[in-house]
Amino acid sequence: MIDHDRRFSRRDVLKSGVLLAAPFVARYGNAAASMAGKRLGYSMSFATIEWLVTQRRSVEQAAKAAGFELVFADARDNPAKQVRDLEDMVTRKCDAILISTYYAEAITPAVRMINEAGIPLVVLSSSIKGSVDWTCHLSTDTLGTARSAGEYFVRNLGGKGRVVQIEGKPGSVVNQMRGSGWREVIAKNPGIEIVKHVVANYERMQALRQMEDILHSTRNISAVYCHNDEMALGAIKAIREAGRDDEIWVTGYDGIQLDALEAIHHGQMRATWQYLPFGSEAVDAAVKILQGTKVPKEIVFPSPLITRDNVDAFYDAKARAVKPFKSQLKI
């Protein structure tokens, strides 16, 4: 069993032999209908933000193409319900289970039950904690990317400025790393001061309201670091409505939704770091596992920086659409 609390930097990944993958969409034809008669469980903590909506859609499409019977459960932001949902998937004898959770510690009893039942488990994005195990974890080098985000702030602020941090759900391991890696770099630069640090739970409207309050109480803000694009878009709206968009720039995180890429294209959002939702990738991994293929326990995807200089590689301005991801992963 691996150390579940360990944070993987890109250097750690390369040393350990963990599989590094490029962004991809699973090629459904490779697995079409091969899982007929198999039951796939898919548990989410909630599904109200665009990143998770995209994840759910891609899981459903890939599961259908593979021939799975999909057992889906949305815990509606209730950790106790996610535990019950997972226990139900064990009772219903799912052949494999996908977990997308923001409650790493709270769902440990259910994960332990999955382990005891011997059901393959694929974890999407945020890791799980405790004395439990999984078959495959799809993630990015979140801590390393967050450090890169900190370095981006240092460079673009010239080592001096007053910044705001807006974070997502505190119980999410990914959220924690997006904050700790960035703050680690900022802390080494005494000319940069974090003047406000608030929680907006990955929600656009919460970020908008939080930013409105900050703008009323705080002067001379240089930039805002948001843990996802939804919150960045909320902060941008508040800043624009306050007439301060010429003095404050904003970064996000995820880089997969149309309005965020459009905001970068139009110069309204300074930058974002792409973070795949891993939906089709998770189904593809489950197919491989059930076919008996040895799948790496950790698959780490890159998180490229997206700015106005390179957004055209991700966004089709003429079609007003997000460009499709290209698959390069081979298991």
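Six or more apart or on different chains, Cβ atoms under 7 Å: show the pairs whose first residue is in segment 87-104 and at negative phi and hydroxyl-bearing (Ser, Thr, Tyr) and whose second is open to solvent by 10 Å² or more (accessible area, probe 1.4 Å) and modelled with pLDDT of 95 or more.
Once the first residue is at negative phi and hydroxyl-bearing (Ser, Thr, Tyr) and sits in segment 87-104, its partners that are open to solvent by 10 Å² or more (accessible area, probe 1.4 Å) and modelled with pLDDT of 95 or more give 103/79.
In this structure, does residue 85 turn out to be touching a Leu at 6+ places or on another chain (Cβ under 8 Å) and of a type in the set (Asp, Glu)? Outline the logic, then answer.
Working: touching a Leu at 6+ places or on another chain (Cβ under 8 Å): no; of a type in the set (Asp, Glu): yes.
No; evaluated as a whole, the condition is false for this residue.
Could you grab me the full set of residues in segment 119-141 that are β-branched (Val, Ile, Thr) and at pLDDT below 95?
Quick first cut of segment 119-141, residues β-branched (Val, Ile, Thr) only: 119, 122-123, 128, 132, 135, 140.
128, 140, listed by residue number.
How do the strands (runs of 3 or more DSSP E) wholly within segment 146-241 filter down when requiring 2 or more residues that are open to solvent by 70 Å² or more (accessible area, probe 1.4 Å): which remain? Walk me through it before giving the result.
Working: elements: 161-167, 192-199, 223-226.
It comes to 192-199.
Can you tell me which residues in segment 250-277 are closer than 16 Å to residue 139 by Cβ and either charged (D, E, K, R) or out of contact with any Phe, Trp or Tyr (no Cβ under 8 Å at 6 or more places or on another chain) (or both)? Walk me through it before giving the result.
First, pick out the residues of segment 250-277 that are closer than 16 Å to residue 139 by Cβ: 253-256, 273-277.
The one that is closer than 16 Å to residue 139 by Cβ and either charged (D, E, K, R) or out of contact with any Phe, Trp or Tyr (no Cβ under 8 Å at 6 or more places or on another chain) (or both): 254.
Could you tell me whether residue 99 is crowded, with 23+ Cβ neighbours inside 10 Å and more than 21 Å from the chain's Cα centre (by Cα)? Steps first, please.
Working: crowded, with 23+ Cβ neighbours inside 10 Å: yes; more than 21 Å from the chain's Cα centre (by Cα): no.
Answer is no for this residue.
In this structure, is residue 261 farther than 21 Å from residue 155 by Cα, within 27 Å of the chain's Cα centre (by Cα) and open to solvent by 10 Å² or more (accessible area, probe 1.4 Å)? Steps first, answer last, please.
On the way: farther than 21 Å from residue 155 by Cα: yes; within 27 Å of the chain's Cα centre (by Cα): yes; open to solvent by 10 Å² or more (accessible area, probe 1.4 Å): no.
Against the criterion (farther than 21 Å from residue 155 by Cα, within 27 Å of the chain's Cα centre (by Cα) and open to solvent by 10 Å² or more (accessible area, probe 1.4 Å)), residue 261 does not qualify.
Against the definition (within 20 Å of residue 224 (Cα to Cα), at pLDDT below 95 and not charged (D, E, K, R)), how does residue 264 come out, yes or no? Full working, then the answer.
Numbers: within 20 Å of residue 224 (Cα to Cα): yes; at pLDDT below 95: no; not charged (D, E, K, R): yes.
Judged against the criteria, residue 264 is not a match.
Among (1) crowded, with 17+ Cβ neighbours inside 10 Å; (2) out of contact with any Lys or Arg (no Cβ under 6 Å at 6 or more places or on another chain); (3) assigned to a loop (DSSP other than H, G, I, E, B), where does residue 295 come up short?
Residue 295 satisfies every listed condition except (2).
The values are calculated or read from the model by the stated rules, or taken from the named source; none is laboratory data. Not measured: the values here are computed from a predicted model. A quick note on method: Cβ atoms are made from the backbone with ideal geometry, for glycine too, and the neighbour counts reach across all protein chains shown. Note: areas computed on protein heavy atoms with side chains; ligands, DNA, RNA excluded. Shrake-Rupley method; radii C 1.70, N 1.55, O 1.52, S 1.80 Å.
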